[in-house]
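Below you'll find the structure, written out as structure tokens, and then a few comments.
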Amino acid sequence: MKAVQVTGYGDVDKLEMVERAIPEPKDNEVLIKIKACAINNTEIWMREGAYGTGSKSGWRPEGVEFPRIPGSDITGTVVKAGSLVDQSMLDKNVVLFPFKSSGEEGFEHVSDDMSFIGSEFDGGYAEYVVWPAELCFDMPLADYIESAVFSVSGLTAWHMVEQIQAQPGETVMVTGSNGGVGSLNVQIAANVFGAKVIAIVGDLRLESKLKELGATHVLSYKSPNLARDIIEVNGGHIDAVLDVVGDALFPTSLEVLKKGGKFCISGSAGGQKTDLDFRTLYLKHITAYGSVLGTRDEFKRMLQAISAGKIKPVIDCTFPLEQAREAQTYFKKAGKLGKVVLLPEK
């Protein structure tokens, strides 16, 4: 089969197109012919060493072992089933839950042995992949590409909104609103949980599209008076922040939160370290959450909301698998809206 593998830490030249044997499913696994694989920051940061190198680079103590086929947002068709798998799964169109874990129900995402597809296991930058049958769910939409854009970004966004316990009528600020997680944060907070959303982007030409997704207000982080703008459009301080940016907007987030507000972060594309005056946290009674991925039950609830039309796929563009280098380079550019998807079949 055709596959793109990461050969080590570095630039996009570490992505290499190769021929690999089609993997064989174990007794509890299925073989999936991949139809689409959306790109996430996770596989780019893994390649770049942003999570660390050597034993610090992955979810398990030994770190990422190269070569590794990346990619975790996967849809496809089950073409072979292991001996312990119900053969009715054959020919099913599925979306993959993106990690394995022995954690108890509701705590799978915080288990010490959590292992990620595309990091600890070969993933979706290929024509085929094997994965446990119990972690393969019916696609929420009929289209492979549209169904592929939710797994990691959607689960992360859903978990973030559940963590802050967003309520109807509350105001939630979403940073990085044009990205994969951010655009889903907007939709989930607004259309599923009923919150008012202030979407933060760089390019205000995206305003109409973000309002279509559910945003009440759209503001640019380039404003010299962003905190004042946020408080002004809301008529006061806000209830919660869903953040994927990190340092660049962290001071603003703390400034605009009300007393008793909530801050949830799942990424740091705008800086991984920040200066923090602890007095801001305790004097304003702010609750802070770190968030990565989520639980299987949350994944199921998300898929139900997608099927019901409450959350819509936001897709910027697609690339053929052979152009994985170009796709990851494009993914890092500012100004796009939504996901970038790799297609193993032209």
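What list of ³J(HN,Hα) values in whole Hz, one per residue of region 183-198 in order, does the Karplus curve 6.51 cos²θ - 1.76 cosθ + 1.60 (θ = phi - 60°) give from phi, with Gly and Pro shown as x?
5, 7, 4, 4, 5, 5, 4, 7, 8, 9, 9, x, 7, 7, 10, 9
Can you work out the Karplus-derived ³J(HN,Hα) for every residue in region 76-91? Use 6.51 cos²θ - 1.76 cosθ + 1.60 with θ = phi - 60°, whole Hz, and x for glycine or proline.
x, 10, 6, 10, 7, 10, x, 5, 9, 9, 4, 5, 5, 6, 4, 6
About the Cα centre of region 222-267, what is the dipole size in debye to 20, counting +1 per Lys and Arg Cβ and -1 per Asp and Glu Cβ, all else neutral?
100
Check Gly214: other-chain or 5+ apart residues with amide H under 5 Å from its amide H, H built from backbone geometry?
Sorted by chain and number, the residues that satisfy this come to none at all.
Based on DSSP H runs of at least 4 residues, each adding -39500 (n - 2.57), what is the mean residue ellipticity at 222 nm of the chain after dividing by all its residues, to the nearest 500 deg cm²/dmol?
-6500 deg cm²/dmol
Using a/c under 1.5 as the rounded threshold, could you call region 158-261 rounded, prolate or oblate? The axes a ≥ b ≥ c are square roots of the C-alpha gyration tensor eigenvalues, and prolate needs a/b larger than b/c, oblate otherwise.
rounded
With every protein chain in place, what's the accessible area of Tyr144 (1.4 Å probe, Å², nearest 10)?
Estimated to the nearest 10 Å², Tyr144 gives 60 Å².
In nm, to one decimal, how far is the modelled label at Phe278 from the one at Leu204, with both set 7 Å along Cα→Cβ?
Each label point is offset 7 Å from its Cα along the Cβ direction, giving 4.0 nm.
How high is the relative contact order of region 191-254, in percent, with contacts defined as C-alpha pairs under 8 Å that are six or more residues apart?
Relative contact order here is 26 percent.
Can you pull out the trypsin sites (Lys or Arg not before Pro) in region 244-277 that DSSP calls coil and that have at most 15 other Cβ atoms within 10 Å?
Answer by residue number: Lys273.
Apply the Karplus curve 6.51 cos²θ - 1.76 cosθ + 1.60, θ = phi - 60°, to the phi angles in region 208-218 and return the couplings in whole Hz, x for Gly and Pro.
3J(HN,Hα) across region 208-218, in whole Hz: 5, 5, 6, 5, 5, 6, x, 5, 7, 10, 10.
How do Arg205, Arg325 stack up against each other in accessible area, from largest to smallest, with a 1.4 angstrom probe?
Arg205, Arg325
Note down, for the chain, the three equivalent ellipsoid semi-axes (square root of 5 times each alpha carbon gyration tensor eigenvalue), biggest first, whole angstrom.
34, 21, 19
Counting GluC sites (Glu not before Pro) as exposed when in a DSSP loop with at most 14 other beta carbons within 10 Å, what is the longest stretch of the chain free of them?
Of all site-free stretches, the longest is 106-344.
Given +1 on the Cβ of Lys and Arg, -1 on the Cβ of Asp and Glu, and no further charges, what dipole in debye does region 236-346 carry about its Cα centre, rounded to the nearest 20?
260
Under a point-charge model restricted to the Cβ atoms of Lys and Arg (+1) and Asp and Glu (-1), what is the dipole moment magnitude of the chain relative to its Cα centre, in debye to the nearest 20?
In debye, rounded to 20, the chain gives about 920.
Hey, what did region 207-346 get for relative contact order, percent, Cα under 8 Å, at least 6 apart?
With pairs under 8 Å counted, the relative contact order is 16 percent.
How high is the relative contact order of the chain, in percent, with contacts defined as C-alpha pairs under 8 Å that are six or more residues apart?
18
Among Val152, Val6, Ser83, flag the residue with its Cα farthest along the positive direction of the charge dipole of the chain, charges on Cβ as +1 for Lys/Arg and -1 for Asp/Glu.
So the residue furthest toward the plus end is Val152.
Roughly what angle does helix 296-307 make with the longest principal axis of the chain, taking Cα atoms, 0 to 90 degrees, to the nearest 10?
It is inclined by approximately 80 degrees.
The values are calculated or read from the model by the stated rules, or taken from the named source; none is laboratory data. Everything quoted here is computed from the prediction, not taken from an experiment. Because the Cβ atoms are built from the backbone with ideal geometry, glycine has one as well, and the counts that use them run over all protein chains shown. For the accessible areas, the whole protein counts, side chains as well, though only heavy atoms, and no ligand, DNA or RNA atoms are used. Shrake-Rupley method; radii C 1.70, N 1.55, O 1.52, S 1.80 Å.
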